[in-house]
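Chemist: My structure is below; once you've seen it, I'll send some questions.
The values are calculated or read from the model by the stated rules, or taken from the named source; none is laboratory data. Given the structure is predicted, the values throughout are model-derived calculations rather than measurements. Virtual Cβ from ideal backbone geometry, glycine too; neighbours counted across all protein chains shown. The accessibility values were calculated without ligands, DNA or RNA, using every heavy atom of the protein model including side chains. Shrake-Rupley method; radii C 1.70, N 1.55, O 1.52, S 1.80 Å.
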Amino acid sequence: MDRRCNIGIFDSGIGGVSVLKKIIKLLPNENIMYFGDTKNVPYGGRTKEEIQNLSRRIVEFLILNNCKAIVIACNTATIATLEMLKTQCSIPVVGIIDAGVEAVSSNGYDEISVLGTPFTIESGEHLKKIKKKNKKMKINTVACEELCPMIEEGWEKFGKRYEVLGEYMSHIPKSSEALLLACTHYPFIIEDIQKRFDGKVIDPSEECARELFRVLKKEDILNNDKNKGRIEFYVTGDKESFKVKAEKFLGTEIKDIYKVNI
Ligand code: DGL
């Protein structure tokens with residue numbers, strides 16, 4: 001495998017850009033293809049089979065376009081597809097769930113809360129994995145059906161946004177010491193979340209980037225180039241609205257963005 005091949009990162013939409021930002025920071029010389037399935041977002045209300053079918057075609061596209069590793073920058077898609085993709089792909093596949101589990105389990109908390117999409121919360125995946133590491137930890141989970149679609153469309157557009165967020169946050173007990181953002185869209189509104197929570201808000205994307213680094217190192221496929229890597233964006237929906245939101249979040253101009261029909 002050529003070290004200069006791409007890292008393929010995908011999400012249902014804009015959310016995975018929060019993971020991309022941390023990957024660029026940690027691995028600035030890697031070439032990256034970011035794929036946002038903006039025509040089919042949100043994934044969080046779909047069945048496992050639907051999410052698997054949507055994800056499979058994205059991964060086929062990324063592999064056809066010279067990717068040396070895949071990052072599922074979406075909690076929902078990680079739960080639905082990680083095991084399947086690991087068996088079907090000949091290149092490494094990294095998900096984001098273990099990063100979140102690691103981030104909350106290693107700090108000695110007695111009680112935490114988890115925010116995620118309906119699919120993520122109903123799967124019970126975080127609960128199971130965190131309990132395996134710490135049987136005694138109290139874990140509260142809240143399914144936030146409306147957050148991902150609102151962030152995807154543009155959070156500021158919604159006059160009722162604080163009301164919606166406040167309603168979800170009202171289910172988090174005051175005794176929670178940390179709040180895990182188990183949806184990659186939520187870091188886009190981390191300040192609004194933090195204002196409504198006294199404990200530590202945990203975004204697992206940095207841990208996910210570190211996991212990618214460990215995998216690339218172990219496989220001996222880290223890009224050794226001294227130059228900055230090329231970042232390309234592929235979306236299945238509207239290019240312009242994606243570009244505006246991603247540029248604002250990344251704080252840099254996006255030049256290479258393409259609409260694809262897969
Ligand atoms: N960013 C995705 C996640 O982490 C959102 C899923 C959705 O499209 O509902 O779960």
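Chemist: Take residue 221 and decide whether it is in contact with a Cys (Cβ under 8 Å, 6 or more places away or on another chain) and farther than 30 Å from residue 170 by Cα.
Modeler: So residue 221 fits the description; yes.
Chemist: Does residue 28 fit the bill of being within 12 Å of the ligand (Cβ to nearest atom) and either modelled with pLDDT under 95 or not β-branched (Val, Ile, Thr) (or both)?
Modeler: no
Chemist: Also, I was wondering about something else. Only one of these is over 18 Å from residue 43 (Cβ atoms) and touching a Pro at 6+ places or on another chain (Cβ under 8 Å): 244, 215, 201. Name it.
Modeler: Going through 244, 215, 201 in turn, just one is over 18 Å from residue 43 (Cβ atoms) and touching a Pro at 6+ places or on another chain (Cβ under 8 Å): 215.
Chemist: Only one residue in 198, 225 is under 26 Å from residue 145 (Cα atoms), open to solvent by 30 Å² or more (accessible area, probe 1.4 Å) and assigned to a loop (DSSP other than H, G, I, E, B). Which one?
Modeler: Within the list 198, 225, the selection yields 198.
Chemist: Just checking, does the stretch 20-37 include any residue being more than 21 Å from residue 252 (Cα to Cα) and over 16 Å from the mean Cα position of the chain (by Cα)?
Modeler: Looking for residues that are more than 21 Å from residue 252 (Cα to Cα) and over 16 Å from the mean Cα position of the chain (by Cα), one finds none in the stretch 20-37, hence no.
Chemist: Also, I was wondering about something else. How many of the residues making up the stretch 177-195 are open to solvent by 10 Å² or more (accessible area, probe 1.4 Å) and either more than 11 Å from the ligand (Cβ to nearest atom) or more than 14 Å from the chain's Cα centre (by Cα) (or both)?
Modeler: Number satisfying all stated conditions: 6.
Chemist: Take the residues in the stretch 80-100 that are in contact (Cβ under 8 Å) with a residue 60 or more places away in the chain and away from the ligand (no atom under 13 Å from the Cβ); name whichever of them is surrounded by the most Cβ atoms within 10 Å (Cβ to Cβ).
Modeler: 94
Chemist: Where the second residue is hydroxyl-bearing (Ser, Thr, Tyr) and within 12 Å of the ligand (Cβ to nearest atom) and the first is in contact (Cβ under 8 Å) with a residue 24 or more places away in the chain and open to solvent by 10 Å² or more (accessible area, probe 1.4 Å) and lies in the stretch 1-22, which pairs have Cβ atoms under 9 Å and are six or more apart or on separate chains?
Modeler: Pairs found: 21/205; 22/205.
Chemist: From 77, 143, 103, 73, which residue is within 20 Å of residue 30 (Cβ to Cβ) and buried (at least 16 other Cβ atoms within 10 Å of the Cβ)?
Modeler: Selected residue: 73, the only one of 77, 143, 103, 73 that is within 20 Å of residue 30 (Cβ to Cβ) and buried (at least 16 other Cβ atoms within 10 Å of the Cβ).
Chemist: Still on this structure: Could you count how many residues in the stretch 137-161 are within 16 Å of the ligand (Cβ to nearest atom) and of a type outside the set (Asp, Glu)?
Modeler: Residues flagged as within 16 Å of the ligand (Cβ to nearest atom) and of a type outside the set (Asp, Glu) within the stretch 137-161 amount to 11.
Chemist: The conditions are (1) more than 13 Å from the ligand (Cβ to nearest atom); (2) out of contact with any Pro (no Cβ under 8 Å at 6 or more places or on another chain), and residue 70 fails exactly one of them. Which is it?
Modeler: (2)
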